[in-house]
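As structure tokens, the structure follows; a few thoughts come after it.
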Amino acid sequence: MVDPSLFTAPYDAALSDGLQASGTQPTWATRALRANEEDLLAMTSCLPFFYPFTDGPRRRTGSGWRAVKGLEHVAGLRRLRKEAARFDLVHFQWAPLPMLDVRAVRRIRRDRPVVLTVHDVEPFNGRPVSAAQSGGYHAMLGQFDRLIVHTEQGRDALRTRGLPADRIRVIPHGVLPLRAAAPEPRADDGRWRIVLFGRLQAYKGVDLLVEALGLIDPAVRARIEVIVAGEAQMPVEPILARAADLNLGASFTLRAGRLSEDAMAALLRSSDAFVFPYRAIDASGVLHLVADLHRWLIASDIGAFRTMIGKSDDTGDLVAPADTQALADAIVRSIGRRPQAPPDTGVSDWTQIGAMTRDVYEAALADRGRSAAS
């Protein structure tokens, strides 16, 4: 299992549990854990050889260090090719540098099947990235024995790009466990708390959320408290400046920075509703993290939001992406509402997901066996 930057540690840990329940023993090729990440993969075998000097407890940022990290990625891929010889199959969760990763995929695939989970059908969900991160992405997808997506829309998108239907399997994203923690204390002002949580990136629409709040009547807005929290991977100064221009005051708070597992759980459990004004997405880890909290959900009508929330008004409210007036109306309608039904995840638990994933492995291995025999 390959997740070099550990983009989706909670998903990785849950998938590992499901795979082990199905009789599959995963080993993860990844980086070392950073501070506050705690033992996210403590119960799973790990080979933390990616980015030893630029990530993990030694994490460094900046353009110069990004160049060093690129060299470390090359070294990590070389180590991965050697380690792959010990395993039946290699499953990439992420391929962050496609032009480099595709070479490793081709070499590993000479001797064993290679699978990719396509978490983002559109690379980085349209976020501006370097050519090294985006170049060759679509061509790389054709090099894998099997592709896993989380939604039917994701499968349709890959088929539209000419990828063989028999290589694509839909395996829904499961609900992620949230640490038991007391809700963080709240002011006794009766405000309706709405949270947007996760890494702050342009496609998640924080700017759209601010504009929507500005469209709400100030008397109504005074009843609302919106908290945006997570590690910033985009400039937040323009967001704060715009919130000040719109006089949002206590109705909008931005907490930029990575939260510990306990602090994250305390914040999420203190919420009354969650908002996802995303411009693009296929599956959302945060949505699956809060799915069991029985809170009202407001989201763009795309990807997993459409699948899980639906249009029955029992679970939440879907709005057209980038429609700030519709988003503002949905925020106002959310006040005081509780869902009448849980989100539809499409699967029962991670044991089922593990079994479905093992089925993909067995199909890829069977194909390889037939090819060898012929």
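The values are calculated or read from the model by the stated rules, or taken from the named source; none is laboratory data. All values derive from a computational prediction rather than experimental measurement. Please note: Cβ atoms are built from the backbone with ideal geometry, for glycine as well, and neighbour counts cover all protein chains shown. In case anyone asks, the SASA skips ligands and DNA or RNA and just uses the protein heavy atoms, side chains included. Shrake-Rupley method; radii C 1.70, N 1.55, O 1.52, S 1.80 Å.
Count the net charge of all other residues whose Cβ sits under 9 Å from the Cβ of VAL319, scoring Lys and Arg as +1 and Asp and Glu as -1.
Summing Lys and Arg as +1 and Asp and Glu as -1 gives -4.
Can you run the Rg to Rh ratio on segment 63-201? Use alpha carbon positions and the Kirkwood inverse-distance Rh.
Rg/Rh: 1.08.
Over the chain, with a Gaussian network built from C-alpha contacts below 10 Å, which listed residue (ARG295, ARG155, ARG78) shows the highest mean-square fluctuation?
ARG78
Using the crude model of +1 on Lys and Arg Cβ and -1 on Asp and Glu Cβ, and no other charge, please compute the dipole size for segment 305-374 relative to its Cα centre, in debye to 20.
I would put it at about 100 debye.
At a Förster radius of 30 Å, what calculated FRET efficiency corresponds to the Cβ-Cβ distance of THR160 and PHE7, to the nearest 0.05?
The calculated FRET efficiency here is 0.75.
Given points 7 Å out from each Cα along the Cα-Cβ axis, report the ASP359 to ALA256 separation in nanometres with one decimal.
4.5 nm
Which listed residue (LEU6, ILE108, THR27) has the Cα farthest towards the positive end of the charge dipole for the chain, taking +1 on Lys and Arg C-beta and -1 on Asp and Glu C-beta about the Cα centre?
ILE108
What are the extents of the Cα atoms of segment 6-119 along their three principal axes, in Å, largest first?
Result, largest extent first: 42, 34, 24 Å.
Could you check which residue among ALA35, ALA104, ALA14 shows the biggest mean-square fluctuation in a GNM of the chain with a 10 Å Cα cutoff?
Highest fluctuation of the listed residues: ALA35.
Determine the dipole magnitude for segment 162-246: charges of +1 sit on the beta-carbon of Lys and Arg, -1 on that of Asp and Glu, nothing else is charged, the reference point is the Cα centre, and the result goes in debye to the nearest 20.
Here segment 162-246 has a charge dipole of around 380 debye.
Work from the charge dipole of segment 84-225 (Cβ charges, +1 for Lys and Arg, -1 for Asp and Glu, about the Cα centre) and give the residue of LEU147, ILE216, ALA187 farthest towards its positive end.
Checking the options against the dipole of segment 84-225, the answer is LEU147.
Ignoring ligands, DNA and RNA, please state the percent of accessible area on the chain from carbon and sulfur, probe 1.4 Å.
Ligands and nucleic acids excluded, carbon and sulfur reach 51 percent.
Identify, among ILE239, VAL121, ILE353, the residue whose Cα sits farthest towards the positive end of the charge dipole of the chain, taking +1 on the Cβ of Lys and Arg and -1 on the Cβ of Asp and Glu, with the dipole about the Cα centre.
Result: VAL121.
Could you compute the FRET efficiency for GLU83 and ASP188, with r as their C-beta to C-beta distance and R0 at 51 Å, rounded to 0.05?
Calculated transfer efficiency: 0.40.
How large is the translational diffusion coefficient of segment 280-374 in µm² per second when you combine the Kirkwood radius over alpha carbon pairs with Stokes-Einstein at 20 °C and 1.002 mPa s?
137 µm²/s
State the Cα centre-to-centre distance between segment 233-258 and segment 32-110 in whole Å.
When both Cα centres are located, 34 Å separates them.
Segment 290-345 to segment 262-279: how many Å between their Cα centroids?
13 Å
Could you work out how much longer the chain between ASP217 and HIS138 gets when fully extended? Use 0.36 nm per residue separation minus the Cα distance between them, nm to one decimal.
Difference between extended and current length: 23.9 nm.
What does the charge count near ALA187 come to, summing +1 for each Lys or Arg and -1 for each Asp or Glu among other residues with Cβ under 12 Å from its Cβ?
-1
Tell me, in nm to one decimal, what length is gained between ALA366 and ASP313 on full extension, where the rule is 0.36 nm per residue of separation less the Cα-Cα distance?
My answer for the length gained is 14.7 nm.
Kindly give Rg over Rh for the chain, based on alpha-carbon atoms, with the Kirkwood expression for the hydrodynamic radius.
0.97
So what is the orientation-averaged projected area of segment 205-321, using the convex hull of its C-alpha atoms, in nm²?
So the mean shadow area of the Cα hull is 7.4 nm².
Just to verify a number: FRET efficiency for ALA181 and ARG110, C-beta to C-beta distance, R0 = 45 Å, to 0.05?
After rounding to 0.05, the efficiency reads 0.40.
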